[in-house]
Amino acid sequence: MASIKDVDTSSLLYEFSRQFPTGVSTFACCPVCSASARGGNFCRDCIAAELRRRGATDISIDLAKQGLIAKQQASLSYESAVEEIRRQIAEQEAA
Ligand SMILES: [Zn+2]
């Protein structure tokens, strides 16, 4: 794998978002720090550190993180609503 310093910013930002999965994902060691990271790619902390090194502020990185966490929570809410709808319909069909 390329050094994190050689990865272009767009790819880093894309990979950062992928580190906040909304579904089932596989994890392996980050090649930089060995923390758990989705797909064995760079972990969110190493990506954030590299973005910071390139000039991004902590505030911007935190806002991005919060947005991604909100997306994960929205996805969970959606999935539990869908589960409830399925349960209600199955109950209705069984009646
Ligand atoms: Zn890492």
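Any read-out appearing in this document is the output of simple, stated calculations on the displayed coordinates, not a laboratory observation. Computed from a predicted structure; not experimentally measured. So basically every Cβ, Gly included, is an ideal-geometry build from the backbone, and we count neighbours across all protein chains shown.
Listed values, structure above:
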read-out: Local electrostatic count at Lys65 - Lys and Arg +1, Asp and Glu -1, tallied over other residues with Cβ under 14 Å; value: 0
read-out: Test item: Cα-centred dipole of the chain, Lys/Arg +1 and Asp/Glu -1 on Cβ, debye; value: 360
read-out: Top positive-direction residue, dipole computed over the chain with Cβ charges, set Ile59, Ile4, Ala95; value: Ile4
read-out: Convex hull volume per residue in cubic angstrom - Cα atoms of the range 13-95; value: 86
read-out: Degrees between helix 58-94 axis and first principal axis of the chain (Cα, 0 to 90, nearest 10); value: 20
read-out: Lone cysteines, the chain (no partner Cβ under 4.7 Å); value: Cys29, Cys33, Cys46
read-out: Where labels lie 7 Å past Cα in the beta-carbon direction, separation of Glu83 and Thr9 in nm; value: 4.0
